[in-house]
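The values are calculated or read from the model by the stated rules, or taken from the named source; none is laboratory data. It should be emphasised that the depicted structure is a prediction, and the values quoted were computed from it without experimental measurement. Every residue, glycine among them, receives a Cβ derived from its backbone with ideal geometry; neighbour counts consider all protein chains shown. Remember, those area values only see protein heavy atoms, side chains included, never the ligands or the DNA or RNA. Shrake-Rupley method; radii C 1.70, N 1.55, O 1.52, S 1.80 Å.
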Amino acid sequence: MSELTNNVKPLDDFNWEEFENGTSANVSKEELDKAYDETLNKVSEHQVTEGTVISVDKKEVIVNIGYKSDGIIPASEFRYNPDLKVGDKVEVYVENQEDRKGQLILSHKKARLSKSWERVNAALENEEVIQGFIKCRTKGGMIVDVFGIEAFLPGSQIDVHPIRDYDQFVNKTMEFKVVKINQEFRNVVVSHKALIEEELEAQKREIISKLEKGQILEGTVKNITSYGVFVDLGGVDGLIHITDLSWGRVDDPHKVVELDQKINVVILDFDDEKKRIALGLKQLTPHPWDALDANLKVGDKVKGKVVVIADYGAFVEIQPGVEGLIHVSEMSWSQHLRSAQDFLSVGDEVEAVILTLDRDERKMSLGIKQLKEDPWEAIEVKYPVGSKHTAKVRNFTNFGVFVELEEGVDGLIHISDLSWTKKVKHPSEFTQVGSEIDVVVLDIDKDNRRLSLGHKQLEDNPWNQFEATYTVGSIHEGKIVELLEKGAVVSLEKGVEGFATPKHLVKEDGTQAALGEELPFKVIEFNKDSKRIILSHSRTFEDAQREEKRAAKKPRAKKEEAIKIENQPASTTLGDIDVLAQLKAQMEKGE
């Protein structure tokens, strides 16, 4: 204990007088905290400041920024600086002044990025030339390291000429200009092409100033795309659109020209402002329409190849650069809305008839259905009224079924002509699209190219027999096949159906008849013309009960009358006796 007390020494600057007088007790804790805070640096979150390294190990680097606590930074953020040591000054980014553990959180990496971001933004604003290291390829271009930031170099911004081999630029240091910055996503786009464009611009303006429409120049094919060919005219590029490569259809420009090929082109147009030059190759040869056979006329047959197909029709090339359109309506006598792809495909060799020919407009329309006879020309001969045929169901409507007897010959079976007995609510209950169905021709409408057909007419009208079978008052077994709000559909023998209203579906025990139940039904109405049978189950037992009541009521009435006579009071008057005498005389006379 003595050793401990020997080591205790009073503070040199301790004010014993204040302590003895108790004046130090008058200083509040808030005043002491305020005095303490004023000795510390003012630190704000999300700002970059300078600190001093006070400790370095494999996991963490501790940095003092003059705050009430030291900050901790992962050692991985200093990998680029293996010589980091205690006492070094480093820039840090204040992430959090005090986390849950009271720890100051700093980041050296974000401080570097923040400084780099400021330099990149300055480069964009001042349009200065900066250096960057091309790290690797990526989709559509290259990744460039600029001040430690990964920037994107689009393939189109590497050079003024299209680049075919991107790998040759990897691991190279080049000069760039910052052309775009996305502040929200911290994306930077740089360009090398922009540095050399200014030099070429003056040269380009000089070449364009000498250009004239119709001028023929020699150029070199520098790039081939799906929409055309770019040609170098000696420092200025022009585009031959795919439609100006050949008078015929071109699906792939590679089939017409090759890269680095020397070709002659004609200047079609150019734009002084946008510096775009439109070139033509096909214009150096005569138009094929000018060489078209002068004797070719409407009605002639021609052969050709389908080069383009669309829903509305197909373009047929009868010779290079000369095409005719076969509209889908001219492919078949059928009136169904169909696509041209149902009849033809690209590459098909076809024969067609010339329908229209306009040499001035260089247009021609063709038809292939004209090579076949119109089936409606002799429709009365092949499909006379009353004749029976097999048709294919094409589609439904609420009122009937559209069928096709052959290509171009359509007919309608009205819903009322499907069945003599079945109540068909929609044709889909009776048949399906694509199925075959037997029909009878009922009527021919040649002007509208439509036949009226029937299916039930293939059989005799069974309602002539039903009239004798289902007489009013007759009782038949029936099955409830459908329940509706207004009643039930009842299936009877021979495929006929009747209808019973809810009040006629009440059973003897008072319950309502259910779907699928088989019960006796009495016919209460039969209408042959409207093909209607009204049924009642209730009547089958109610009528019998009424007859029994009626039969039991008659003898009871006679008995009551006799009892009444016998029970007459003894004190009858002379008038009563006279009446009784007359009644007796009448009864005797009747006997």
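Table for the structure above
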quantity	calculated
Test: residue in region 259-266 that is touching a strand residue (DSSP E or B) at 6+ places or on another chain (Cβ under 7 Å), at pLDDT below 90, assigned to a strand (DSSP E or B) and within 23 Å of Pro162 (Cα to Cα)	no
Selection status of Ala202, within 25 Å of Val129 (Cβ to Cβ), open to solvent by 50 Å² or more (accessible area, probe 1.4 Å) and either in contact with a helix residue (DSSP H, G or I) (Cβ under 8 Å, 6 or more places away or on another chain) or without any contact (Cβ under 8 Å) to a residue 24 or more places away in the chain (or both)	yes
Selection count, region 423-441, where residues are in contact (Cβ under 8 Å) with a residue 12 or more places away in the chain and out of contact with any helix residue (DSSP H, G or I) (no Cβ under 7 Å at 6 or more places or on another chain)	13
Some residue of region 464-481 being open to solvent by less than 50 Å² (accessible area, probe 1.4 Å), out of contact with any Lys or Arg (no Cβ under 9 Å at 6 or more places or on another chain), over 30 Å from Lys392 (Cβ atoms) and touching a residue at least 60 places away in the same chain (Cβ under 8 Å)	yes
Answer residue from region 399-409, given it is of a type outside the set (A, V, I, L, M) and at pLDDT 85 or above and is farthest from Val489 (Cα to Cα) among those	Glu404
From Ile54, Ile73, Ile105, residue being at pLDDT 80 or above and more than 54 Å from the chain's Cα centre (by Cα)	Ile54
Candidates Val144, Val120, Val90, filtered to the one that is open to solvent by less than 50 Å² (accessible area, probe 1.4 Å), hydrophobic (A, V, I, L, M, F, W, C) and more than 49 Å from the chain's Cα centre (by Cα)	Val90
Conditions (1) more than 21 Å from Trp333 (Cβ to Cβ); (2) at pLDDT below 85; (3) open to solvent by 60 Å² or more (accessible area, probe 1.4 Å); number of the one not met by Lys446	(1)
Residue match in region 425-437 (condition: under 30 Å from Ile368 (Cα atoms) and part of a strand (DSSP E or B))	yes
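Okay, residues lined up against (1) farther than 20 Å from Gln465 by Cα; (2) at pLDDT below 90; (3) part of a loop (DSSP other than H, G, I, E, B):
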{"position": "Val481", "(1), (2), (3)": "yes, yes, no"}
{"position": "Lys486", "(1), (2), (3)": "yes, yes, yes"}
{"position": "Gly498", "(1), (2), (3)": "no, yes, no"}
{"position": "Gly510", "(1), (2), (3)": "yes, yes, yes"}
{"position": "Pro520", "(1), (2), (3)": "yes, no, no"}
{"position": "Asp529", "(1), (2), (3)": "no, yes, yes"}
{"position": "Arg539", "(1), (2), (3)": "yes, yes, no"}
{"position": "Ala544", "(1), (2), (3)": "yes, yes, no"}
